[in-house]
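The values are calculated or read from the model by the stated rules, or taken from the named source; none is laboratory data. All values derive from a computational prediction rather than experimental measurement. Backbone-built Cβ (ideal geometry, glycine too); neighbour counts: all protein chains shown. Just so you know, the surface numbers come from the protein's heavy atoms only, side chains and all, with ligands and any DNA or RNA stripped out. Shrake-Rupley method; radii C 1.70, N 1.55, O 1.52, S 1.80 Å.
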Amino acid sequence: EYTDGQKIQLSSLRGSVVVLQFTASWCSVCIQEMPHLEKDVWQRFKDDGLKLIGIDKDEPIDVVRKFQKKVGTTYPIALDPGSKHFTKFAHKNSGVTRNIVIDRDGKIAFLTRLFDKVEFQQMIDVIERLMNDKNSDLPSDVAPLVLSNTTLSLPTFTAPSDISLPAQPIAPSLE
């Protein structure tokens with residue numbers, strides 16, 4: 001597990017669109033989806049302020065670093081020891097592949113499960129709407145859920161009452 005001492009809470013990212021992506025090195029569906037997240041989400045929207053954070057389910061940092069290098073993604077990946085944070089969104093033994101799109105107000109705008117190309121495109125459409133219109137309400141067919149009192153401790157970040165996200169990508173340190 002790496003540490004750099006920086007801490008950031010999801011609440012401090014209000015005003016940004018955030019995507020949390022749960023993954024694991026042994027997950028074949030994750031491996032299939034991650035290049036699409038890299039190309040169609042991260043590379044497309046990162047310069048516009050999108051925050052995409054991969055959250056690796058219950059694996060040590062050395063495995064995560066090798067996994068990210070193998071898959072070729074550059075978006076930040078953080079750790080989830082014991083699946084503590086994964087279980088806030090799904091049963092511990094559920095399949096890993098999930099994306100949670102959080103709007104600028106901290107509400108869950110869209111959820112995906114597994115990798116379905118139609119659903120993935122719907123997620124991109126929601127992200128695009130959220131990124132392009134800072135004052136946009138969600139489409140009427142999307143019911144937002146408020147994300148509150150959820151704590152995620154990612155590699156080195158611990159917060160008492162919010163999701164903690166890495167302040168900087170780990171990708172540059174993967175060499």
Single match in Val142, Val64, Val146 (criterion: modelled with pLDDT under 90 and more than 23 Å from Glu33 (Cα to Cα))
Val146
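Kindly indicate whether any position in the range 75-84 is assigned to a loop (DSSP other than H, G, I, E, B), over 16 Å from Glu33 (Cβ atoms) and in contact with an Asp or Glu (Cβ under 9 Å, 6 or more places away or on another chain). Outline the logic, then answer.
So in the range 75-84, the residues assigned to a loop (DSSP other than H, G, I, E, B) come out as 75-76, 84.
This time we only want the ones that are over 16 Å from Glu33 (Cβ atoms), so: 76, 84.
Pick out the ones that are also in contact with an Asp or Glu (Cβ under 9 Å, 6 or more places away or on another chain) and you get 84.
Yes: one or more hits.
Of all residues in the range 20-36, how many are in a loop (DSSP other than H, G, I, E, B) and closer than 14 Å to Ser94 by Cβ?
Our first condition is that a residue be in a loop (DSSP other than H, G, I, E, B); within the range 20-36, this holds for 24-27.
Now drop any that are not closer than 14 Å to Ser94 by Cβ, which leaves 24, 27.
Selection size over the range 20-36: 2.
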In the range 44-55, is there at least one residue being in a helix (DSSP H, G or I) and open to solvent by less than 30 Å² (accessible area, probe 1.4 Å)?
yes
Within the range 90-108, take every residue that is in contact with a Ser or Thr (Cβ under 9 Å, 6 or more places away or on another chain) and part of a strand (DSSP E or B) and give me the one that is farthest from Glu38 (Cα to Cα).
Ile102
So Lys69 clears everything in (1) farther than 21 Å from Asp133 by Cα; (2) open to solvent by less than 30 Å² (accessible area, probe 1.4 Å); (3) in a helix (DSSP H, G or I) except one condition, right? Which one?
(2)
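Just need a number here: residues in the range 113-127 that are open to solvent by 10 Å² or more (accessible area, probe 1.4 Å) and either aliphatic (A, V, I, L, M) or touching a residue at least 12 places away in the same chain (Cβ under 8 Å) (or both). Even if it seems obvious, please write down each step before you answer.
Start the filter on the range 113-127 by keeping residues that are open to solvent by 10 Å² or more (accessible area, probe 1.4 Å), which leaves 113-122, 125.
Filter once more, keeping what is either aliphatic (A, V, I, L, M) or touching a residue at least 12 places away in the same chain (Cβ under 8 Å) (or both): 113-115, 118, 120, 122.
Here the count works out to 6.
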Here are Lys51, Lys57: which of them is farther than 23 Å from Ser16 by Cα and of a type in the set (D, E, K, R)?
Lys57
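Out of everything in the range 1-32 that is among the β-branched types (Val, Ile, Thr) and within 23 Å of Asp103 (Cβ to Cβ), what residue ends up being modelled with the lowest pLDDT?
Taking the range 1-32 as the starting set, the residues that turn out to be among the β-branched types (Val, Ile, Thr) are 3, 8, 17-19, 23, 29, 31.
Now narrow it down to the ones that are within 23 Å of Asp103 (Cβ to Cβ): 8, 17-19, 23.
Numbers: Ile8: 58, Val17: 95, Val18: 93, Val19: 94, Thr23: 92.
The residue in question is Ile8.
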Run Gly95 past the list (1) within 15 Å of the chain's Cα centre (by Cα); (2) closer than 18 Å to Leu111 by Cβ; (3) not hydroxyl-bearing (Ser, Thr, Tyr) and report the number of the one that doesn't hold.
(1)
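Output the residue which, of all residues in the range 90-108 that are within 17 Å of Gly54 (Cβ to Cβ) and touching a Leu at 6+ places or on another chain (Cβ under 8 Å), is surrounded by the most Cβ atoms within 10 Å (Cβ to Cβ).
Here is the first cut: in the range 90-108, the residues within 17 Å of Gly54 (Cβ to Cβ) are 90, 95-102.
Now drop any that are not touching a Leu at 6+ places or on another chain (Cβ under 8 Å), which leaves 95, 97-102.
Details: Gly95: 14, Thr97: 23, Arg98: 21, Asn99: 23, Ile100: 22, Val101: 26, Ile102: 24.
The selected residue is Val101.
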